[in-house]
Structures are given as C-alpha cells and as structure tokens.
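*Asks:* Below is the structure I would like to discuss, written out as structure tokens.
The values are calculated or read from the model by the stated rules, or taken from the named source; none is laboratory data. Since we're looking at a predicted model, the values are computed, not measured. Methodologically, a virtual Cβ is constructed for each residue, glycine included, from the backbone with ideal geometry; neighbour enumeration extends over all protein chains shown. To get the accessible areas, we keep the full protein, side chains included, count just its heavy atoms, and leave off ligands, DNA and RNA. Shrake-Rupley method; radii C 1.70, N 1.55, O 1.52, S 1.80 Å.
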Amino acid sequence: MAIWPVQLCIIILATLLCGALAKRLGQSRVVGEIAAGLLLGPAVLGAVNTDFYNLLFSHAAMPMMSQLGELGLVFLMFQLGLHLDLKSLQGRVPIRMPVAVALAGIVVPFTIGCAIALASRTAIAPQVPALGYVLFCGVALSISAMPVMTRIVMDLRMEGTYTATVALAAASLTDLLGWLLLAAITAISTGGFTWEHIARNVALLLVFVAASMLIARPLWSRIIARGPSASVTPRMLPAVICYVLMSSWITAEIGFHSAFGALMAGLVLRDLPGLKIEWRAKLEGFVALLLMPVFFALAGIQAATGSISLPNFWLWLGLFLAGAVAGKFGGSYLGARIAGARHRDASVIAALMNTRGLMELIVLTIGLKAGILPPAAYTMLFIMALATTAMTVPLLRLFGYGREPGVAGATAKQGTAYEL
C-alpha cells in the first residue's frame, strides 16, 4: 500500500503538536511526543474511527514504518554513544557522590522490579522465559534517561548546579551499567537457556567490543589524521553511516539487538575531530524531525495494543509504577544521603534520576522484539515510563526550580535528538 507518506505526515504532525502542548503545560517536550504515540494507537484513534485507523496503522500498512522506526533506534543509540561524555564531569563533583547515587539507583529498583516480576509472571507473562522476564523487569525499573534529564536541566536553568551535575554524572554511569545488564539479559533470554549458547554470544560480543576499541578506533583515527583537514568532512559521513549500520548488523547477527552495535559505534567514533559538528549539521535534524517521531509513534501504538482487559491489569500497573518511583527515587536519595548530600539536594538528585523517557522506550522496544516482554507487560512499563517522566518537572518545581513565570522553556536551546 502506498500509504506511507500519509502515515509519516500524521505521525510528524501529531508528535509536533503534542510536544508543543506539553511545553505549554510546563512539561518536557518528550512527554507530549510519547503521548502522541498513544493517541495514534487503537485505544484512541482506533476507537474514534476504526476504518481510518485500520487503513493507516493495520499490520499490512506498518512494515515501512517499522523499518523507519528501527533505523531511528539505531541512529538514536549512535547519537547517545557520540554524546556520552563522563570526562567533562571529572573534577566538578567528588566521584563518590555520583557513584553512590548510580549504584543505589540501580540496585534498589532492580531488586524491587525482580520481586514484582516474580509475583506477576503467572498472571502477566506465563508464556515468556521466566528468568529473562524477571531480570528484564529489574533493568526496566532501573533505567534513567540522561537525554530527557539534560533537556529538563536546561529548561529549568539548572545547568552547572551541584545537584544537576551529580545527577547527570550518575545517569551516565547508570546508562553504562544498565546497557551492560541489558546485553547480558538479552544473551540469556535469546540463547535457549543453554550455557554453551550464552557463553558463545557473550564471547562473540566481547570479541566485537575488543575489535571495535583496539582495531576500529585506531584505524579511524589514522584515516582522519591523514586527511587534508585532519577532521571529519562531509564526504566522510557516508562511510560513518555505513560503519554504524554494519556495527548494528553484527551485534544483531551474534544474538544481541542492533542498538548495541550502534551504541558501540558511537563510543568508537565520539572523539573523532569534527564528527559531532558534521553529524549535527547534516543528520541530527533528520533524525529528530523524522525518525524520532516514527519511533515514538510506534512505541505508543505498540503500548496501546497491549490488553488492558487482562485480569488485575491496573493492580499490576500500580505496583510497577509504585515500585519504579520508590526504587529509583528512594534508591538515588539513599545513595546521595550516604555520600553526604543534604536532604534537599538528595531529593532534587533523586527527582532527576527518576526520569526515564527515551531510554526506557528503547529498552522496552528491545524487550518486546526479543520476546522477553509480553504486550501487556510492555504496556504497563510504557505507562510507567510516561508517568515517571511527567512527574519530574512538577517535583523539581516543588523543590524551588523554575517557579518564575516563563522560566520553563525561556532558555531552551534548539533541541537535538540527544537532548529530547
């Protein structure tokens, strides 16, 4: 069906309008963009006009959008690796503070998530691998969203503050630890639970990481150094894109998700001179304006297809939401207090760490496609991610940030795909 131009127009307009409305309401733009996906799903658009919804987003009409969403996920992960920079935070805060916040902010929600998953598996996920489902729910409750956190910090004029610096450093560590855990869980869940297959997948991933850092990274540096300007030029971007796509394909072939390869490509290439400037000038706008809306829309449509008629759906959703907030906010607060932060500073750090947003959607999408998460559990965790992201700005206003009229968005810079 030649319906994909109409699909794209509707998706782009819906995310644009919902994002703008969220900003007017004092929320982060990404909250509106995620909500746009829910509005385009069967629960809202499908209920208003079933024939129109089936024409646009039926299974027969979605392959093109699914491929675009997958491409968007790959480039989003590449940009995350490209912008992930712990070096810039060195010396600004004592290292024990972000380390304590990150560790407590992972261990506590991970434990709570695994406990809720154990209790809910029979009711929610009886047909998926038990170990993979339990461990995945633990990781899903542990994730923070550094991209959304960065946007909120900018909107509320918190740049350079002690609490924002600690939270961003802790979120960087959390992202790294979270992706390592997710890689291990994916290997366990897709390996048929044979130790030989799991060991093979992990060994191949380690070989890929070693080859990326020890061979590909120096090779790229030598190639760039021999160029006429000793920096990445527009002519080199096609080679960069091919490297990102091939890295994604390799990790998918060895039993992991393509997102891991894209993230590794970003970490390999992040120090190349001029790459961030060229990528931002030539491609980041395309990712932000086209691929990200498609990814958000597909995530929302997938969430809306999960059965809310499942027995005790709202009870389990409430438990996941309460566990997510208690684990992430409480764990991060506890870690900050143990490291010596005052009550108010620890509360602000914990509120920022409770943000999930984009990173959570990426994790949930991987779990759904890998068969670790059933649709009902995906829907619950999607709503949890939206709710915890939406509560961040009100909590920070409660603690005194951004109360002045017009502050939210007054200093908002032009958003990039990474900052959303």
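*Asks:* For the range 6-26, give me each residue that is over 18 Å from MET65 (Cβ atoms) and either open to solvent by 70 Å² or more (accessible area, probe 1.4 Å) or over 18 Å from the mean Cα position of the chain (by Cα) (or both).
*Replies:* LEU17, ALA20, LEU21, ALA22, LYS23, ARG24, LEU25, GLY26, listed by residue number.
*Asks:* What do you reckon, is ALA408 more than 24 Å from LEU135 (Cα to Cα), among the small types (Gly, Ala, Ser) and at pLDDT 85 or above?
*Replies:* no
*Asks:* Among all residue pairs at least 6 apart or on different chains, which show Cβ distances below 6 Å where the first residue, located in the range 95-108, is within 16 Å of ALA326 (Cβ to Cβ) and the second is of a type outside the set (Ser, Thr, Tyr) and open to solvent by 10 Å² or more (accessible area, probe 1.4 Å)?
*Replies:* ALA104/LEU334; ILE106/LEU177
*Asks:* So, in the range 251-260, of the ones that are buried (at least 19 other Cβ atoms within 10 Å of the Cβ) and not β-branched (Val, Ile, Thr), which residue ends up farthest from TRP179 (Cα to Cα)?
*Replies:* By that ranking, first place goes to GLY255.
*Asks:* Is there any pair linking a residue in the range 199-221 that is farther than 13 Å from GLY255 by Cα to one that is outside any helix (DSSP H, G or I) and not small (Gly, Ala, Ser), with Cβ under 9 Å and at least six apart or on different chains, and which?
*Replies:* Listed pairs, sorted by first residue: VAL207/ILE254; ARG217/ASP271; TRP220/LEU272; SER221/ASP271; SER221/LEU272.
*Asks:* Could you say which residue among LEU263, LEU291, LEU267 is open to solvent by less than 30 Å² (accessible area, probe 1.4 Å) and under 20 Å from SER172 (Cβ atoms)?
*Replies:* Only one candidate qualifies: LEU263.
*Asks:* Could you tell me whether the range 340-353 includes any residue that is without any contact (Cβ under 8 Å) to a residue 12 or more places away in the chain and out of contact with any Leu (no Cβ under 8 Å at 6 or more places or on another chain)?
*Replies:* So far as the range 340-353 goes, yes, one or more of its residues are without any contact (Cβ under 8 Å) to a residue 12 or more places away in the chain and out of contact with any Leu (no Cβ under 8 Å at 6 or more places or on another chain).
*Asks:* For SER231, indicate whether it is of a type in the set (Gly, Ala, Ser) and assigned to a loop (DSSP other than H, G, I, E, B).
*Replies:* Here the answer is yes, as SER231 does meet what is asked.
*Asks:* Also: Identify all residues within the range 342-382 that are over 29 Å from ALA130 (Cβ atoms), open to solvent by less than 10 Å² (accessible area, probe 1.4 Å) and assigned to a loop (DSSP other than H, G, I, E, B); write none if there are none.
*Replies:* Hit for the range 342-382 is THR355, nothing else.
*Asks:* Residue by residue through the range 318-338, note down the ones that are crowded, with 23+ Cβ neighbours inside 10 Å and hydrophobic (A, V, I, L, M, F, W, C).
*Replies:* Those that are crowded, with 23+ Cβ neighbours inside 10 Å and hydrophobic (A, V, I, L, M, F, W, C): PHE320, ALA324, PHE329, ALA336.
*Asks:* Tally up the residues in the range 308-331 that are out of contact with any helix residue (DSSP H, G or I) (no Cβ under 8 Å at 6 or more places or on another chain) and part of a helix (DSSP H, G or I), please.
*Replies:* The total comes to 4.
*Asks:* Residues that are modelled with pLDDT of 90 or more and surrounded by fewer than 20 Cβ atoms within 10 Å (Cβ to Cβ): which helices (runs of 4 or more DSSP H) entirely in the range 124-227 hold 2 or more of them?
*Replies:* 195-211, 217-225
*Asks:* Those residues that are open to solvent by 10 Å² or more (accessible area, probe 1.4 Å) and assigned to a helix (DSSP H, G or I), I need them from the range 27-45; list them, please.
*Replies:* If the condition is that a residue be open to solvent by 10 Å² or more (accessible area, probe 1.4 Å) and assigned to a helix (DSSP H, G or I), then ARG29, VAL31, GLU33, ALA35, LEU38, LEU39, LEU45 are the ones that fit.
*Asks:* Look at ASP175 and say whether it is acidic (Asp, Glu) and within 21 Å of the chain's Cα centre (by Cα).
*Replies:* yes
*Asks:* Okay, moving on. Could you grab me the full set of residues in the range 211-235 that are farther than 16 Å from LEU275 by Cβ and touching a helix residue (DSSP H, G or I) at 6+ places or on another chain (Cβ under 8 Å)?
*Replies:* MET213
*Asks:* Can you find a residue in the range 27-36 that is in contact with a Cys (Cβ under 9 Å, 6 or more places away or on another chain) and closer than 19 Å to LYS369 by Cβ?
*Replies:* Yes, the range 27-36 has at least one match.
*Asks:* Determine whether LEU358 is of a type outside the set (Ser, Thr, Tyr) and closer than 18 Å to CYS114 by Cα.
*Replies:* Criteria not met by LEU358.
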